[in-house]
Structures are given as C-alpha cells and as structure tokens.
Amino acid sequence: MIKRKVKRFRRRKVCRFCLEKILYIDYKDQRRLRGFITERGKIIPRRISGNCTYHQRQLTTAIKRARHIALLPFTAE
Amino acid sequence: MRVYESVFIVKPSLSEEEVNKTIELIEGTITGKGGEIIKVDRWGKRPLAYEINKQKEGFYVLLNFNADPPVLAELDRRYKLTDQILRYNIIKLGDRPGEFPPGYGQYSIDTQFVGSEYGLHTYESDYDKEDYEDEMDDQFSDEHE
C-alpha cells in the first residue's frame, strides 16, 4: 500500500462518451482515439480520462485494434 | 449470414491496376462462397503509425460484407497467402445480415492523416499536466490497495 504524501484533488469527471451518447467506439476513428493515448502511445487509464467502465473497455479494444492496423502506434518516442 | 467488417492494407508501391486486382481478388473470395459485399471503401494511401515490412505508407481498404462463418476461414487463408496485403483484420459486427451495431457509423472516418505528431492528448484545464505526467509515463506504480 502506497502512502500518498499529498491528497490529490480529483473532480468527478464525466465520461465524454456518455455525454455525447455514443454507443459504438470505432477503432477506425483515429482522430478521436488519439486523444486517449499518451505521448508515448500508452492508453490513458480510466481514472485520468474519466471514462465510464463501459466506454473505457470499448475504447481499449478499439485502440488495440487500431494499433494492429497501424492507425495508432504501439509506442512512440 | 452474419455481418463482418474487414480492413486490409495493400502495399502502396503497386500500380492502381494491381491494387484493384487485389481488391477484386478478395471480393471474389467472399462472393465465391456465397457472401455478399455491402460496402467497399478505398481509403487510399496513408502513412502508417509504424513500419510494416519496411514500408511507411499503405493503401487502406475497408470492406463490409455479409457471409456465413465458413467463408471466413477461406478469407483468412487468402489474406495470408496474398503477398501484396501487409495487414488485415476481420471483425464481426452482428449476427443477422445487415445488422450493424447500434451507433455504428456515427463517427466520420478520418481518412486524411492529420498531423504527424502522436499523443495529442490534451489535458483538461482542471488537471495540471505535470501533475499527472509522472504518474502516467512511469509505471503505474500505485493503486495496489
């Protein structure tokens, strides 16, 4: 268990996909997906992106598929 | 008959004719076994996010079709055998012919590669970027409660 030195302020973020009522996150939508990977190409965790579980899971498979099709990188320096 | 989607990448160095021939070859594999093509979308040449077979660009093609499950095995075999195709994927979209997942197609598919830098994740103004950057770009070492 890690002790936190500073209590971090965390706003209750709303899931962006739920706001827009999006049902299907498409792996081909590179432009939108790109906002959910870091500069190194890693997928942004839910606690930071603020997505709900349902959409985060869809997002993750979408990103992984996009990586396979070389629309998104696996890793990028 | 289930509805499927397949995206494949053809070697960009081929002539237009050869590319079309390859696409027709794939289409033929599907229809030859009783499948039905719904949509063919040629995205054209696009830069790849990483090199594949030393290529930096690829010719992307999207295909939506209805078919019976056995057709897929043949399609997969055909993809693997075709040297001009660098990558491919086959995805099931639904169980009934023409049944797309709810909300499919809501997005516009961006066929133009916008910008060459990756990782344009913009942090919300509430979150200080530096605050979270070490959390993220090092290992996610916490959260083992």
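Computed from phi, the 3J(HN,Hα) profile of region B:51-64 under the Karplus parametrisation 6.51, -1.76, 1.60 (θ = phi - 60°) reads 6, 10, 6, 6, 9, 10, 10, x, 9, 8, 9, 10, 9, 10 Hz, with x in place of Gly and Pro.
The HN-Hα couplings worked out from phi for region B:16-21 by the Karplus form 6.51 cos²θ - 1.76 cosθ + 1.60 (θ = phi - 60°) are 4, 5, 5, 4, 4, 4 Hz, whole numbers, x standing for Gly and Pro.
Under 18 Å from a label point set 7 Å out along the Cα-to-Cβ vector of B:Glu18, the amide N atoms of region B:77-99 belong to B:79-87.
For B:Arg87, the residues 5 or more places off, or on other chains, whose built amide H falls under 5 Å of its own are B:Ile9.
Counting only other chain Cβ atoms within 10 Å of each residue's Cβ, the peptide A:24-36 averages 6. Each residue of region A:14-27 was assigned a 3J(HN,Hα) from its phi angle through the Karplus curve 6.51 cos²θ - 1.76 cosθ + 1.60 (θ = phi - 60°); the sequence is 9, 5, 5, 6, 5, 4, 8, 6, 8, 9, 10, 8, 8, 5 Hz, with glycine and proline shown as x.
With an 8 Å cut-off on Cα pairs and a minimum separation of 6 or more residues, tell me the relative contact order of region B:2-94 in percent. Reported as a whole number, the value is 49 percent.
Distances between placed amide hydrogens fall under 5 Å for A:Gly41 paired with A:Ala76, all partners being 5 or more residues away or on another chain. Which entries of B:Lys11/B:Lys80; B:Lys45/B:Lys92; A:Lys28/B:Lys11; A:Lys21/A:Lys42 have Cα-Cα distances beyond 23 Å here? Flagged as over cut-off: B:Lys45/B:Lys92; A:Lys21/A:Lys42.
Modelled this way, with points 7 Å down the Cα-to-C-beta line, the labels at B:Glu27 and A:Glu20 are 3.2 nm from one another.
Only the coordinates and a few stated rules stand behind these numbers; no lab work does. Only a predicted model underlies this, so the values are computations on that prediction, with no experimental measurement involved. Glycine gets a Cβ as well: all are built from the backbone with ideal geometry, and neighbour counts include every protein chain shown.
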